[in-house]
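Each remark here refers to the structure printed beneath this line.
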Amino acid sequence: MRAVGAAPEAAFEIAEAALALAVLDRPGVSLDFYRRHLATLEHDLAANAPAEASIASAARTLNSVLAGLYGYQGDRQTYDDVQNANLMRVIDRRKGLPVALGVLFLHGARALDWTARGLAFPGHFLIRLEAFGGRAILDPFDGGTIVQPAAMRRILKQMAGPKAELQDAYYQPVSDRDVLLRLVNNIKGRALQQGDAGRAAEIVERMLWLAPESGGLYRELSLIESARGNLARAIAAAEQAVARADDDGQRGEAALLLQQLKAKLN
């Protein structure tokens, strides 16, 4: 995973990278089955390539194979199950979180030479599909169905509250690296919900493998280590946060944190 963090965006394939992340929590389990499954998905998508050259037919192809043939669906019953963020377990169980399912939809669309990107939509992962000169937004949690603005607005209000409104930023594409970070962030969030700060620190360190220059992640790691009582590790992470801050505001926050941590040494 450190190689992914150091690699340019085009140098890694998102589903393979997601499997590499997943196997960290399933040591000793071979990835061969999962790689064969991805190859089979590609074959079946090609065999069901649409005869009609339209964005709607492209979306239907993804839906018919991933949701119809293989039964991939959002896990509505046990949404917070951490297995839903592990691509190996998602493949085993045929259900998962929006972002985990999104990885499969991105992989499938690109296998057909269509352009697919994750979007910066908060709280619920969506993808933008471009094919045959058309463009649509798909919801992988709902079988890859096309999502219209009214539905996006409804989803947003469900996730962010009744006052939330659509913004241009939510339609912007994100990098595959950001998609993977969003996937792993779900595991970290569940660890924090369960009060497992050690596990949360471990997951933030994985995220730093993906984004080694992220000052924000170092600051988060510093806060977690401080809460665990690991003052030396917290200070080291805060120093990295200062060095890698994106702007003066982040640098100031990290510097203040570092100052507060060092004061505890006295």
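The values are calculated or read from the model by the stated rules, or taken from the named source; none is laboratory data. Remember, predicted model here, so these are calculated numbers, not experimental data. Methodologically, a virtual Cβ is constructed for each residue, glycine included, from the backbone with ideal geometry; neighbour enumeration extends over all protein chains shown.
Of note:
- Residue count for segment 228-248, restricted to those that are at pLDDT below 95 and within 26 Å of Leu180 (Cα to Cα): 3
- Residues of segment 237-252 classified as surrounded by 17 or more Cβ atoms within 10 Å (Cβ to Cβ) and in a helix (DSSP H, G or I), total: 6
- Of the listed requirements (1) in contact (Cβ under 8 Å) with a residue 60 or more places away in the chain; (2) of a type in the set (D, E, K, R); (3) surrounded by fewer than 15 Cβ atoms within 10 Å (Cβ to Cβ); (4) in a helix (DSSP H, G or I), Arg89 misses just one: (3).
- In summary, Leu69 fulfils each of the numbered conditions (1) crowded, with 17+ Cβ neighbours inside 10 Å; (2) out of contact with any Phe, Trp or Tyr (no Cβ under 8 Å at 6 or more places or on another chain); (3) aliphatic (A, V, I, L, M); (4) more than 24 Å from Leu156 (Cα to Cα) with the single exception of condition (1).
- When segment 253-266 is limited to residues that are among the polar types (S, T, N, Q) and in a helix (DSSP H, G or I), the one that is surrounded by the fewest Cβ atoms within 10 Å (Cβ to Cβ) turns out to be Gln259.
- Given (1) over 28 Å from Leu45 (Cβ atoms); (2) at pLDDT 95 or above, index of the condition Thr145 fails: (1)
- Any hit, segment 141-154, residues being touching a Pro at 6+ places or on another chain (Cβ under 7 Å) and either in the same structural domain as Leu31 (by TED's automatic domain parsing) or among the β-branched types (Val, Ile, Thr) (or both): yes
- Close pairs (6 angstrom Cβ cut-off, 6 or more residues apart or separate chains): free of Cβ contacts under 8 Å to residues at least 60 places away in the same chain in segment 240-266, acidic (Asp, Glu) anywhere: Arg244/Glu213
Residue-wise test of (1) in a helix (DSSP H, G or I); (2) within 16 Å of the chain's Cα centre (by Cα); (3) surrounded by fewer than 22 Cβ atoms within 10 Å (Cβ to Cβ); (4) of a type in the set (Asp, Glu).
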{"site": "Pro50", "(1), (2), (3), (4)": "no, no, yes, no"}
{"site": "Ala58", "(1), (2), (3), (4)": "yes, no, no, no"}
{"site": "Arg76", "(1), (2), (3), (4)": "no, no, yes, no"}
{"site": "Asp80", "(1), (2), (3), (4)": "no, yes, yes, yes"}
{"site": "Ala100", "(1), (2), (3), (4)": "yes, yes, no, no"}
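- Pick from segment 209-224, criterion farther than 22 Å from Gly195 by Cβ and without any contact (Cβ under 8 Å) to a residue 40 or more places away in the chain, ranking: surrounded by the most Cβ atoms within 10 Å (Cβ to Cβ): Tyr218
- Residue match in segment 163-172 (condition: of a type outside the set (Phe, Trp, Tyr), buried (at least 19 other Cβ atoms within 10 Å of the Cβ) and not assigned by TED's automatic domain parsing to the domain that holds Leu208): no
- Qualifying residue in segment 111-126 (condition: under 23 Å from Gln194 (Cβ atoms) and of a type in the set (A, V, I, L, M, F, W, C)): yes
Yes/no per residue for (1) touching a residue at least 24 places away in the same chain (Cβ under 8 Å); (2) surrounded by 18 or more Cβ atoms within 10 Å (Cβ to Cβ); (3) under 28 Å from Gly161 (Cβ atoms):
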residue	(1), (2), (3)
Asn84	yes, yes, yes
Arg93	no, no, no
Leu106	yes, yes, no
Asp113	no, no, no
Phe121	yes, yes, yes
Ile127	yes, yes, yes
Ala131	yes, yes, no
Leu138	yes, yes, yes
